[in-house]
Structure formats: structure tokens, C-alpha cells
Amino acid sequence: MAGQLWATGSLGGYLYSLELSDTLRNALQPLVKFRQFADAKDFLSIGQKHGQVVTWDVVSDVATQGTTLVETATIPVTNVTISQGTGTVYERANSIPYTGMLDSMSKFEVEQFINKALKNDAKKSLDQMCYDAFNTTPLRVVAAAGTSSTAITLTTNGTATLTNNVGLGKGHVRAIGDLMLERNIPPFVDDDYVGMAHPTTLRPFMNDLESVQQYTATGFGLIMNGEVGRYESFRFVRQTNIAKAGWTNGQSNQAMFLGQDTVAELLVVPEEIRAGIPSDMGRSKVIGWYYLGGAALVRTVAAQATVVKWDSAA
């Protein structure tokens, strides 16, 4: 039986030994980062009995902008185009079995530490689910020529064509902000976009900001998990849940820049802890977490996308 056993120290036997501390310590856990930015709230709870695939419509701007008329001219005619986004609902789960003997012999309540470990696992799994949705954005930027400290190159097919050979810096952030504004991407909150990256990816950029005011009075209105500063209408968040992309040159790493209407979380059954029915006359037990839902990028057409990824071809 895989899981927690009394007979093996690392799987349960250590839960009672000579001079054992009264405090049970868990592995260090990061806070949820990407899931907090899945902001398509109309999908917060779609409920059961609605099928596995969820779709939504995205309406474009008018094809031809209105203009002035001379008296004898007819009113012009234009149109909009409608694209459709799709998300799929899946089951996500994990469990830890344990023996009745472990439960009887342990100094600690076995269910207590298993519940905590499973809750931490569920948080990380659902954060990965949301990141995977963000990562489907068609908008990718790299430093121009791979080395510029001020200019960026944009691709709109979900693939970066240049290799980044320079770390993320103030000049790139300004250029990305200008790009997002000129594409009419609405800010995520108030007048601010959100930037997310690993601490080491943000470090050269944050060092550059030591002499720059990183927050204004309005910046304190909403502090998000992992938020470390504000610059050029970006609120920066550090994340460690998602592994680095493994860029070969080691100069930088991936970062996400978010506007509004980013990712839909398709919630059917929220994450919950479940206990299985004991078997073998109560000697075999199991506790697990379960979630039914999914996540999907709301705007997959490049002209309407609201997520920009700082990326690299290698």
C-alpha cells in the first residue's frame, strides 16, 4: 500500500519516537499567485449539469469607424466580428492513504497533518492550472535584437522568434507599458497593469528602482499576494510556484504582464478535502482533495489579447 505507514520511519514511524517535539512542522509553502489574477468573474461558479465544454463570445470593435457626413451622403454601414473562446472542465485530485496502525501509534493526529499537506498541494496544483491558461497568450515580447535595453519586439502567434540575451529592465517595462496602452488593453486594477516574475528575474529591475519612487498614495489601495512595488503603472508581484522556463543563456526568465479580463476559472466544484471509506475492517484509510473545474484564456485572438509574456526563443 503506497502512502503513510508505521513500519517505515520517513512514511510515518517518525511520528512517535524518543524525545519528539510537540510541534509538527510542515514544508514551506508559497502563496497562490496566478490564481488571484484569473479575473473573469462571470465564470466564478458555472455549476453542475452544464456540460464539460464552456464557450463565450468576444465581440470586436466596428470594422469602420464613424465619421462626418455631408448633407446628401447616406449613413455608412459597418459590422463587427464575433470570435468564440472555449474552456474545458476537468477533475483534479490527489490523495494520501494511511494505515490504521499509523493512526493508532502516532503521537500526532494523522488526519491533521495530511489535511494540511493536501491543502498546500491543492493550492499549488490550481495555481499551475491558472498559469497554464495565462501561458497560452498569443502576445510575446523580447528585447529588440535580443540585446536592446529599451526596445522590444512583439510577436502575435504565441511564439517568440528571438533569444533574449539581456535581463528585464526599466526600459523594457516602459516599452511593454506603451505597447499595452497603444493596444487599448484595459488596466487590471484602477490605472495599473500587473507584472509577475521570479524574484531573480525582477532583481536587476528592482535594483534599478532603488532611487525611483516605487509607490504612490493610490498604490496602497489593494495589496496583492507577493506584491513588491509599483513603477510606470505596473504593480509587480513575485512568484515562485511556477518553475523557471529554462532559458539557455541565464540572462533573464519569463514574466507575465496582465491587463483586465485575463483568464476564466470555470468552477464547478470548489476544491475540498474528502475522506474515503475505510476498508479492510478499518485498517486502510485515505484522505484526498478534489476539484472539478478548469481555466482558460478569455481572449485568444491577438488583436484583443490582454496578457503579454516576456519570452525567449531559447
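The values are calculated or read from the model by the stated rules, or taken from the named source; none is laboratory data. Nothing here was measured: the structure is a model prediction, and the numbers come from that model. We place every Cβ from the backbone using ideal geometry, glycine too, and count neighbours over all the protein chains shown.
Summary of computed values
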{"item": "The range 152-171, subset in contact with a strand residue (DSSP E or B) (Cβ under 7 Å, 6 or more places away or on another chain) and surrounded by fewer than 16 Cβ atoms within 10 Å (Cβ to Cβ), residue farthest from residue 308 (Cα to Cα)", "result": "161"}
{"item": "Of all residues making up the range 233-250, the number that are surrounded by 16 or more Cβ atoms within 10 Å (Cβ to Cβ) and either charged (D, E, K, R) or part of a strand (DSSP E or B) (or both)", "result": "5"}
{"item": "Failed item, numbered, when residue 6 is tested on (1) aromatic (Phe, Trp, Tyr); (2) at pLDDT below 75; (3) under 22 Å from the mean Cα position of the chain (by Cα)", "result": "(3)"}
{"item": "Single residue of 110, 59, 77 found to be surrounded by 10 or more Cβ atoms within 10 Å (Cβ to Cβ), among the β-branched types (Val, Ile, Thr) and without any contact (Cβ under 8 Å) to a residue 60 or more places away in the chain", "result": "59"}
{"item": "The range 152-179 residues that are closer than 10 Å to residue 141 by Cα and touching a residue at least 60 places away in the same chain (Cβ under 8 Å), paired with ones that are of a type in the set (Phe, Trp, Tyr) and not in a loop (DSSP other than H, G, I, E, B) (beta carbon under 6 Å, 6 or more apart)", "result": "176/257"}
{"item": "Residues being surrounded by 15 or more Cβ atoms within 10 Å (Cβ to Cβ) and modelled with pLDDT of 90 or more - total across the range 188-201", "result": "9"}
{"item": "Residues within the range 293-314 that are more than 12 Å from residue 158 (Cβ to Cβ) and among the acidic types (Asp, Glu), tallied", "result": "0"}
{"item": "Yes/no for residue 39 being surrounded by 13 or more Cβ atoms within 10 Å (Cβ to Cβ), assigned to a helix (DSSP H, G or I) and in contact (Cβ under 8 Å) with a residue 60 or more places away in the chain", "result": "no"}
